[in-house]
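Down below is the structure, laid out as structure tokens.
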């Protein structure tokens with residue numbers, strides 16, 4: 001399954017943004033604060049729209065731990081719960097949509113016959129000189145529709161320490177989000193699965209293009225991953241170059257996300273510019289092998305250049321890549337698409353495509 005288009009409203013700093021013509025491998029570029037990371041987070045939420053825990057995950061990816069339902073305001077434009085979030089997307093001509101709104105606990109509600117509704121008043125509630133009824137945030141409501149237009153609802157509340165799931169809905173889409181914080185989470189478990197399924201050999205071949213000494217990958221106690229470099233002892237992968245470890249994480253994630261979508265924030269992070277062609281070559285090959293759509297962000301011109309040139313070397317006739325420059329002028333977001341030919345020309349003439 002692959003995304004073809006995306007529409008976002010009132011999420012983070014984005015009032016409205018549409019992206020069309022997404023392809024198999026997509027790279028998002030733009031200035032700081034233009035919303036690239038927010039776009040990936042929106043796709044992640046839409047891809048797992050039945051999972052009400054994901055808003056907590058996207059904040060943990062930013063090293064932010066939410067402790068109160070009021071903290072959910074960070075998701076809403078201008079921190080205003082009145083700006084309901086809407087995320088829509090089309091996947092292979094099938095549409096899905098997600099609406100996120102605050103879940104209120106009203107202490108002063110009216111029944112249909114206008115008679116007062118009895119409610120318990122918390123002794124700790126503050127008195128107010130305002131005539132406005134007390135509206136306490138009790139988490140988030142998630143309304144979503146599948147490709148057939150069937151509507152479902154879930155919720156999440158930190159205060160109540162509860163979630164509501166749509167038991168009748170089964171998510172057909174697999175999606176993985178990697179960023180500098182999450183990229184190595186549970187890597188040992190993914191490598192172990194590859195080891196059991198005898199799928200490590202292909203990954204080892206790719207790693208040899210970065211370090212020719214790599215002979216094998218082993219698992220040790222405590223989740224430690226070791227690399228056999230032909231020395232007297234195995235070497236912990238943690239002390240090797242970061243490029244080796246990151247490519248392993250990318251390929252393990254793609255194997256685990258077969259027929260799904262891989263989201264990568266700051267995809268060039270940790271790579272020396274000379275390793276970027278090898279990384280992109282591995283990603284292109286794995287995308288085809290595991291049928292995984294890639295949507296990634298970068299600030300690096302070297303990464304964009306390696307992205308374009310690697311495609312021209314491997315699949316010059318295929319129109320399966322896109323670069324999207326995300327602009328934000330006067331709080332208005334726009335997406336500018338560069339196809340294969342335009343991107344190639346921009347690189348050759350040294351245009352600023354970021």
*Identify, from the list 287, 337, 275, the residue that is over 19 Å from the mean Cα position of the chain (by Cα), crowded, with 16+ Cβ neighbours inside 10 Å and in a helix (DSSP H, G or I).*
275
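Taking only region 158-202 into account, find how many residues are part of a helix (DSSP H, G or I), under 30 Å from residue 36 (Cα atoms) and free of Cβ contacts under 8 Å to residues at least 12 places away in the same chain.
Start the filter on region 158-202 by keeping residues that are part of a helix (DSSP H, G or I), which leaves 187-196, 200-202.
Next cut, under 30 Å from residue 36 (Cα atoms) only: 187-191.
In the following step, the residues that additionally are free of Cβ contacts under 8 Å to residues at least 12 places away in the same chain were identified as none.
Count: 0.
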*With respect to residue 206, determine if the residue is buried (at least 21 other Cβ atoms within 10 Å of the Cβ), in contact (Cβ under 8 Å) with a residue 12 or more places away in the chain and over 22 Å from the mean Cα position of the chain (by Cα).*
yes
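Of all the residues that make up region 205-241, how many are in a helix (DSSP H, G or I) and in contact with a helix residue (DSSP H, G or I) (Cβ under 9 Å, 6 or more places away or on another chain)?
So in region 205-241, the residues in a helix (DSSP H, G or I) come out as 205-208, 221-223, 237-239.
Okay, now just the ones that are also in contact with a helix residue (DSSP H, G or I) (Cβ under 9 Å, 6 or more places away or on another chain), so 206-207, 222-223, 237-238.
Residues meeting the conditions: 6.
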*Residue by residue through region 291-310, note down the ones that are free of Cβ contacts under 8 Å to residues at least 60 places away in the same chain and more than 13 Å from residue 268 (Cα to Cα).*
291, 292, 308, 309, 310
*Quickly run through region 290-316 and pick out the residues that are surrounded by 15 or more Cβ atoms within 10 Å (Cβ to Cβ) and in contact with a helix residue (DSSP H, G or I) (Cβ under 6 Å, 6 or more places away or on another chain).*
290, 292, 294, 297, 302, 303, 305, 306, 307, 308, 310
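So which strands (runs of 3 or more DSSP E) stay within region 1-111 end to end and still have 2 or more residues that are over 16 Å from the mean Cα position of the chain (by Cα) and free of Cβ contacts under 8 Å to residues at least 40 places away in the same chain?
Working: elements: 3-11, 14-20, 25-29, 85-91, 94-106.
Per the criteria, 94-106.
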*Identify all residues within region 290-334 that are part of a loop (DSSP other than H, G, I, E, B) and within 30 Å of residue 11 (Cα to Cα); write none if there are none.*
291, 292, 298, 299, 300, 320, 330, 331
*Members of region 141-196 that are surrounded by 13 or more Cβ atoms within 10 Å (Cβ to Cβ) and on the phi > 0 side of the Ramachandran plot*: 186
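Quick note: the coordinates plus some simple rules give every number you see, no bench work behind them. Predicted model, so just to flag it, every value in this text is computed and none were measured. Glycine also receives a Cβ, built like all others from the backbone with ideal geometry; neighbour counts cover every protein chain displayed.
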